[in-house]
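First comes the structure, then the notes that go with it.
Every read-out reported here was derived from the displayed coordinates using simple, explicitly stated rules and does not represent laboratory data. Just so we're clear, the structure is a prediction, and the values are computed from it rather than from any experiment. Heads up, the Cβs are rebuilt from the backbone with ideal geometry, glycines too, and the neighbour counts pull from every protein chain shown.
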Amino acid sequence: MIVEIYNPAVIYRTSYSFMGQMEGALIFLGLIFITILFYLNYQRTHLRDKKELEEQIDSVSGCLTYRYFLNHSEELVEKNPTNRYAVAMLRVNYLQYLGQLYGDEIFLKVIRFVGEVFEKLLDPTETYGYISDSNFAVLLHYQEEVELMNRLRMIHAIIYNFPELKTKNNHVKVTFGIYLVRPEEKYSTLQCLEKAGMALRSTTFSVDSLFRFYNDELGADSNRQAEIELKMETSLQNDEFKVFYQPKYNLKKDTIDSAEALVRWYDPEKHRYYPPADFIPLFEENGFIVKLDHYVFEPVCRLAADRIKNKQPLAPISINASRVTAGEPDFVRYYLSVKRKYDIPNNLLTIEFTESTAMDNYESLRKIVADLKAGGIGSSVDDFGSGFSSYSILKELKMDELKLDRFFITPGIDAERDDALLNSVIKLGQKLGMKVTQEGVESVEMMDRLRRAGCNTVQGYYYSRPITQDDFAAFLNKELATEKDAETDK
Ligand code: C2E
Ligand code: MG
Ligand code: MG
């Protein structure tokens, strides 16, 4: 048996078959191992690609991501050192209004469309990214600033005509803040974008402009903005926003017609009032204007209610509503509820909307005007003639008052033409059943001219500057008491 076991032939045979089996097993294991390796490698590459894609493309909007923009821009600027570059921040304006009109889906559709426009219009040495809300970042190269501006105008024109809204007679408006990159400053893309954002948010930036370039003064401006933003809430709690009243004069009756409530910001340390131009554009930008507009309405109603209760003379009062406030879903409900709370009779209050509030779509404002009217509050078109949509407002909206911008009484190139324009706009307003009020009347000559033109109501420094609430109460007592006396004398 031993011989059998140690028989070399047997040993070789068994070991050969054993080795053969081992070899097969090893090859098999090797194959499995290689397959696993391939699979793991594939998975890793696939995941990396997927992650890269996720980092590159925003899954919701389909636009390039902000993170991709930051990384890719640095690369592009580095690889193309001879190119002059500009970093721009684009904001799609009034998206919330569009959402209100056409439903929330429109928000995403607009964002997607803006992304597609960039994908079509940018060349491979440029890029963009969707930041969030209604903001995009763009890297553009240019030779001359005019050429850059023309390109931005073209981008705007295409976005403006977003087909889905164009068929509904509406448009998408965008605004750009721009920083021209100076390589010697060695700013990161993020720093450049911050400066573009500063230009976009600058308080001196009219909402109707298309672009604004960054300059060093804006840096200082932005510090001031930060200071204002820090103070605004506490100022509201401390009643540091004060309502002034500017009486309007009735040329026919030769007495007060009504008044406009105008807000001022009181600084208790410096004992001075700041005019709305110093803070309203910023509040419209950061949304605080809604709180402020609501806040202003309370003292107006309180004053009216007190005077009614005490049987003191009173005149109708108008208040201003920003386009941002008017865009709030419960805009009308708020104003009607406060009116009800103070039990203010109908036709004593008017809300002034600037031309820009209508911003090419009238449906939402038309409803607001109708609902306010049903609740006993009138509406007025403020600064008529200062924008470019003036006549459409008259065509589309039934407002109670037309307030003519100062433009109509400032001398132009020819006095005769000035008169023709003034006379016809006054007639037009009256024909449409509106009370026509001329703003900014500063002299007796202007008063006479307006009287001749058939204007009934004027507002301006000539009759009265905006005055404090106490002074306004005294003004009402004096003006309307005299009126009563005059009536008794007759
Ligand atoms: P606005 O509603 O057109 O108000 C008239 C502005 O013209 C007021 O400026 C007023 O003081 C000024 N003004 C009146 N008469 C004359 C005049 O004879 N000559 C000149 N040069 N100016 C005159 P103010 O008070 O600085 O207000 C500026 C704008 O700020 C207002 O224009 C209005 O759009 C806005 N505003 C004021 N208060 C509020 C508010 O509570 N909420 C909102 N959203 N905006 C407000
Ligand atoms: Mg006004
Ligand atoms: Mg005005």
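Relative to the longest principal axis of the Cα atoms of the chain, the long axis of helix 415-431 lies at roughly 80 degrees. All Cα-Cα distances of the stretch 227-489, cut into 10 Å bins from zero to the largest, leave 6, 29, 36, 23, 5, 0 percent in each bin in turn.
Relative protection proxy for 406-415, 121-130, from highest mean packing down: 121-130, 406-415 (other beta-carbon atoms within 10 angstrom). Sparse packing (at most 16 other Cβ atoms within 10 Å of the Cβ) combined with a DSSP loop state is found for the following GluC sites (Glu not before Pro) in the stretch 421-479: E442.
Rounded to the nearest 0.05, what FRET efficiency do N169 and S424 give with R0 = 30 Å and r taken as the Cβ-Cβ distance? Could you check? Each step should come with its number before you reach the end.
Working: r = 27 Å, r/R0 = 0.91.
The pair N169/S424 has a calculated efficiency of 0.65.
Go ahead and run the numbers for FRET between E116 and E416, Cβ-Cβ distance against an R0 of 60 Å, rounding to 0.05.
0.70
Using a Cα-Cα cut-off of under 21 Å, which lysines could be cross-linked to K173, ignoring same-chain neighbours fewer than 8 residues away? Candidates past the 8-residue exclusion: K109, K120. The packing ranking, built from the mean of other Cβ atoms within 10 Å per residue, places the peptides 323-333, 84-94, 426-436, 217-227 in the order 84-94, 323-333, 426-436, 217-227, highest first.
Summary of the geometry: the stretch 389-449 and the stretch 101-156, compared by the centres of their Cα atoms, lie 39 Å apart. The alpha carbons of the chain stretch over 153, 52, 50 Å along the principal axes, in descending order. Highest mean first, the peptides 344-357, 261-274 sorted by other C-beta atoms within 10 Å per residue fall in the order 344-357, 261-274.
Over the Cα atoms of the stretch 352-445, what is the Rg over Rh ratio if Rh follows Kirkwood? Don't jump to the answer; show the numbers that get you there.
Values: Rg = 13.9 Å, Rh = 13.9 Å.
Expressed as Rg/Rh, it is 1.00.
Given axes a ≥ b ≥ c from the Cα gyration tensor, I'd like to know whether the stretch 155-242 is rounded (a/c under 1.5), prolate (a/b larger than b/c) or oblate. Taking the square roots of the gyration eigenvalues as a ≥ b ≥ c, the stretch 155-242 is oblate.
What does the extension gain come out to for L37 and N238, with contour length at 0.36 nm per residue minus their alpha carbon separation? Kindly include the intermediate steps, with their values, before the conclusion.
Values: separation 201, 0.36 × 201 = 72.36 nm, distance 6.94 nm.
Extra length available between L37 and N238 comes to 65.4 nm.
Normalising by residue count, the stretch 66-215 has a Cα convex hull of 107 Å³ per residue.
Going down the list K309/K431; K341/K431; K195/K367; K186/K231; K253/K395; K253/K398, which pairs span over 32 Å between their C-alpha atoms?
Working: K309/K431 37 Å; K341/K431 35 Å; K195/K367 39 Å; K186/K231 34 Å; K253/K395 30 Å; K253/K398 26 Å.
From the list (K309/K431; K341/K431; K195/K367; K186/K231; K253/K395; K253/K398), the Cα-Cα distance tops 32 Å for K309/K431; K341/K431; K195/K367; K186/K231.
Per-residue ellipticity at 222 nm from helix content only, as computed over the chain with -39500 (n - 2.57) for each DSSP H run of at least four residues, stands at -17000 deg cm²/dmol.
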